[in-house]
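All remarks here apply to the structure that follows.
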Amino acid sequence: MKESDKKGISWLLNIAGSYRPLIAVACILSAISAILSLAPFVCIWFVIRDVFQAWPDLSAAAGVTWYGWLAVGFAVLGVGLYFVALICSHLAAFRVEKNMRKVAMHTIVTLPLGFFDQNTSGRMRKIIDDNAGTTHTFLAHLLPDLAGAVVMPVAVLALLFVFDWRLGLVCLIPLVLSVYYLNQMMGGDRGSIRKYMDALEEMNTGAVEYVRGIPVVKVFQQTVYSFKNLHQSIQNYKKWVLDYAIRCRSPMTKYTIALNGTFVVLVPAGLLLIAHAPDYQNFLLNFIFYILFTPVCALMMNRVMSLAEGYMVAMEAVNRIGGLLDHEPLPEPTHPERPKDHSIAFRDVSFTYPGSEKKAVGNVSFAIPEGKTYALVGPSGGGKTTIASLIPRFWDVLEGSVEVGGVDVRRMASKDLMDQIAFVFQNTRLFKTSILENIRFGRPDADCKEVLRAAEMAQCIDILEKFPGGLDTVIGTDGVYLSGGEQQRIALARTILKDAPIIVLDEATAFADPENEYQIQRAFEKLTANKTVLMIAHRLSSVRNADRILVVQSGEVKEQGTHDDLLAQNGLYAQMWREYQRSVEWRV
């Protein structure tokens, strides 16, 4: 993948759109507030100076009240400006977070379906949701504070050298040492934040997988350790955190000692210098100022450290969202072509999954005439599902071509291609909404009568009769749950309603009990009538009547023909058939 241009603060400002000026205003106001926060210390020093000069007649210290109120005024003004800065930054942060999630979701829905086979839902949630939230925190709080943290050291350095450059230089020594150790701690390993985010994503993915598998854990009375991915991700995170803490132990200790050890050098230096000062009273006043001001320097450095860490985490979060947005949808043809009929053809097709060196499909060629039913059978992991997924462009082939109606699918508009094909997967996806809306996903403009007719054709009437609400029954609420076979029939109704001319069936009866399988097979008869069908099945009895059977092994078509032809060849299919027949005769 090319280097992403969707990274850093510049991209955040770009995605903020019309709210970009608010970010600039927030930073400017926060910087001014940071400078004003130093003013009360100067005012307090002026109060002390007037008291010293008027002692013992304190009534002569006329400026004490003025400087006191001035200190309060600077403090209130600084707080007020910071409050306004936060209002501006929060408004911009909410807009950026919204735009970021919006752009991310818009990108995701345009990506090929194969992308989701390689990216778990836990990882996607972490990238989009958590990272967008991290970005919001950065813009709302850290960025204004960062602006103040950049300006404040300049003001601090100026004040250190205004009153007595020698004492200022002494105070600067611990600050320089603390910066050195801080860089050792936070800049020694530039990839630490990336590893941290990787560990969190891995742990988040494992947690989502574990939660989804809790019913299996309970049924088989297993523990969390039965889910090796989650346990291993937790251990990896633990190892990373411990290693990082140990690496930071020494520089963090040195940083803390240097930062809080200012008085160790300031007090002896002050005693040496006051002995040779021509005006010891004026020197003592300056010395008191540095004693008052030194804690501000320590507070400033701790703030810089915290903001630096937050900045690195936020930038890594931004870069990860940008990396997601860099995934591009499959290219659309400039001049799309429309299929001439509903046939399917594979011509010397080869395909390798991203990140893999082994071909998943190699030199596959076959043609399905319009209205015919072809079946893919073979050992698990042989490439059957991969072959079927190349028809709707879950992935684009690397070599050869996949054609629908005589047109390469890469030269068809995505909408036209998807209108031609309907799918029934072994893992059904029903939404937490009414049965009516679940079926209507097949064709959103369908009316209730058409939906009911599709439900009847999919043998779903007994499902509707179980619930008083019928089609309006909401799945997943008030104890409304469907079995695997019932869910499959609802999904079939959705496919029937779509009424596409090409049907792809991928192990559609895999999780059905015998009764549901019978109902599903009856629904198949309605679904596949006069359609071009490519079906994948392990139960060979369901494909023996197919017009042609393709035996797939190791990504290649090893045999093809009718059921009787393949039995006569006495090859891989015949062996599979004999094993299937023996399994049918098993008795417990």
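The values are calculated or read from the model by the stated rules, or taken from the named source; none is laboratory data. Small disclaimer: the values here were computed from a predicted structure and weren't measured. Every residue, glycine among them, receives a Cβ derived from its backbone with ideal geometry; neighbour counts consider all protein chains shown.
Structure notes:
- In the range 117-165, residue surrounded by the most Cβ atoms within 10 Å (Cβ to Cβ) [restricted to those that are assigned to a loop (DSSP other than H, G, I, E, B) and touching a residue at least 24 places away in the same chain (Cβ under 8 Å)]: D164
- The range 365-410: number of residues that are of a type in the set (S, T, Y) and either within 28 Å of the chain's Cα centre (by Cα) or in a loop (DSSP other than H, G, I, E, B) (or both): 4
- Within the range 245-263, restricting attention to residues that are within 22 Å of W165 (Cβ to Cβ) and in contact (Cβ under 8 Å) with a residue 40 or more places away in the chain, the residue that is nearest to the chain's Cα centre (by Cα) is L259.
- The residue list V533, V557, V551 contains one member that is within 37 Å of the chain's Cα centre (by Cα), modelled with pLDDT of 85 or more, of a type in the set (V, I, T) and within 18 Å of I387 (Cα to Cα), which is V533.
- Flag not set for F220, criterion: aromatic (F, W, Y), surrounded by 20 or more Cβ atoms within 10 Å (Cβ to Cβ) and modelled with pLDDT under 75.
- So F74, is it surrounded by fewer than 19 Cβ atoms within 10 Å (Cβ to Cβ), assigned by TED's automatic domain parsing to the domain that holds F287 and modelled with pLDDT of 85 or more: no
- Selection status of L324, surrounded by fewer than 15 Cβ atoms within 10 Å (Cβ to Cβ) and either within 21 Å of P40 (Cα to Cα) or of a type outside the set (S, T, N, Q) (or both): no
- Scope the range 265-283; condition closer than 14 Å to L167 by Cβ and touching a residue at least 40 places away in the same chain (Cβ under 8 Å); matching residues: V265, L266, A269, G270, L273, F283
- Total residues in the range 470-518, condition at pLDDT 85 or above, surrounded by fewer than 18 Cβ atoms within 10 Å (Cβ to Cβ) and either in contact with a Ser or Thr (Cβ under 6 Å, 6 or more places away or on another chain) or in a loop (DSSP other than H, G, I, E, B) (or both): 3
- Enumeration of residues in the range 434-463 that are surrounded by 21 or more Cβ atoms within 10 Å (Cβ to Cβ) and either assigned to a helix (DSSP H, G or I) or aromatic (F, W, Y) (or both): I435, N438, I439, R440, V451, A454, A455, I463
- Here K98, K126 are screened, and the one residue that is at pLDDT 80 or above and of a type outside the set (V, I, T) is K98.
- Test result for K359, surrounded by fewer than 17 Cβ atoms within 10 Å (Cβ to Cβ) and either touching a strand residue (DSSP E or B) at 6+ places or on another chain (Cβ under 9 Å) or under 30 Å from E559 (Cα atoms) (or both): no
- Any hit, the range 371-382, residues being crowded, with 21+ Cβ neighbours inside 10 Å and more than 26 Å from V551 (Cβ to Cβ): no
- Enumeration of residues in the range 330-367 that are polar (S, T, N, Q) and closer than 18 Å to S389 by Cβ: S350, T352, S356, N363, S365
- Exactly one residue out of L540, L534 is surrounded by 15 or more Cβ atoms within 10 Å (Cβ to Cβ), among the hydrophobic types (A, V, I, L, M, F, W, C) and more than 20 Å from I421 (Cβ to Cβ), and it is L540.
- Summed over the range 129-151, the residues that are among the β-branched types (V, I, T) and at pLDDT below 80 give a count of 1.
- Residues (crowded, with 17+ Cβ neighbours inside 10 Å and modelled with pLDDT of 85 or more) located in the range 417-433: L417, Q420, I421, A422
- Which listed residue is within 20 Å of A367 (Cβ to Cβ), touching a Lys or Arg at 6+ places or on another chain (Cβ under 9 Å) and in the same structural domain as G378 (by TED's automatic domain parsing), from I549, I536: I536
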